[in-house]
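A short write-up of the structure that comes next.
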């Protein structure tokens, strides 16, 4: 059986100079780090762990068999002279992987979306991918669709949205994808408005 479900989320909330109420990025130990999640991002990470974790998962939000996150040690911008690199996708899935007792796949960095998807497509079961939102919209979604017309497939991921799950399902490796946007509304202020398709 080659059934595959792919769930895609973006990393949790990050520092935003236009919204100082979010506060600074913090490591898991609470040390300031501009490339880490803010407190609300860590709350988001915990809410994903509850949603996808054993005991709470549902038909819409199944327990992942594998979790992929962008490599926390690979810079999304090679011209960035700062040695501290984005850790947010990896931080976002840490609580979930802890609950699942699995090691996340982090060998692919931002810019390695095609080989990452090649690896994902060889799997069966449920795979969760946590990535950077622009690369999700610009690379991951078109590469998965590969010319297939999928209603409600986002053309872009709005920068203020951290609350969406994109779900791809196929019955076998030769079959087309079924796709939907999902809105679990886990934290205050979360929305059920779809991401834009144009």
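Looking at 32, 62, 54, can you tell me which residue is farther than 23 Å from residue 109 by Cβ and at pLDDT 95 or above? Give the steps one after another, and end with the answer.
On the way: 32 fails: at pLDDT 95 or above; 54 fails: at pLDDT 95 or above.
None of the others qualify; the one that does is 62.
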Inset, instruction - Search segment 29-53 for residues that are without any contact (Cβ under 8 Å) to a residue 60 or more places away in the chain and on the phi < 0 side of the Ramachandran plot and pair each with any residue that is surrounded by fewer than 15 Cβ atoms within 10 Å (Cβ to Cβ) and part of a helix (DSSP H, G or I) when their beta-carbon atoms are under 9 Å apart and the residues are at least 6 apart or on different chains. - result: 49/98
Legend entry - Checking residue 67 against (1) in contact with a helix residue (DSSP H, G or I) (Cβ under 8 Å, 6 or more places away or on another chain); (2) part of a loop (DSSP other than H, G, I, E, B), the condition it does not meet: (2)
Inset, instruction - Residue by residue through segment 3-60, note down the ones that are assigned to a loop (DSSP other than H, G, I, E, B), crowded, with 22+ Cβ neighbours inside 10 Å and touching a strand residue (DSSP E or B) at 6+ places or on another chain (Cβ under 8 Å). - result: 11, 25, 36, 37
Legend entry - The lone exception for residue 92 - which of (1) under 27 Å from residue 198 (Cα atoms); (2) buried (at least 19 other Cβ atoms within 10 Å of the Cβ) it fails: (1)
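Give 146, 99, 121 a once-over and let me know the one that is touching a helix residue (DSSP H, G or I) at 6+ places or on another chain (Cβ under 8 Å), surrounded by fewer than 21 Cβ atoms within 10 Å (Cβ to Cβ) and farther than 20 Å from residue 36 by Cβ.
On the way: 146 fails: touching a helix residue (DSSP H, G or I) at 6+ places or on another chain (Cβ under 8 Å); 121 fails: touching a helix residue (DSSP H, G or I) at 6+ places or on another chain (Cβ under 8 Å).
Step by step, each of 146, 99, 121 is checked, and only 99 is touching a helix residue (DSSP H, G or I) at 6+ places or on another chain (Cβ under 8 Å), surrounded by fewer than 21 Cβ atoms within 10 Å (Cβ to Cβ) and farther than 20 Å from residue 36 by Cβ.
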Inset, instruction - For segment 69-86, state whether one or more residues are over 21 Å from residue 134 (Cβ atoms) and either touching a strand residue (DSSP E or B) at 6+ places or on another chain (Cβ under 6 Å) or at pLDDT 95 or above (or both). - result: no
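The values are calculated or read from the model by the stated rules, or taken from the named source; none is laboratory data. These numbers come from a predicted model, not from an experiment. Counting neighbours? That spans all protein chains shown, and the Cβs are built from the backbone with ideal geometry, glycine included.
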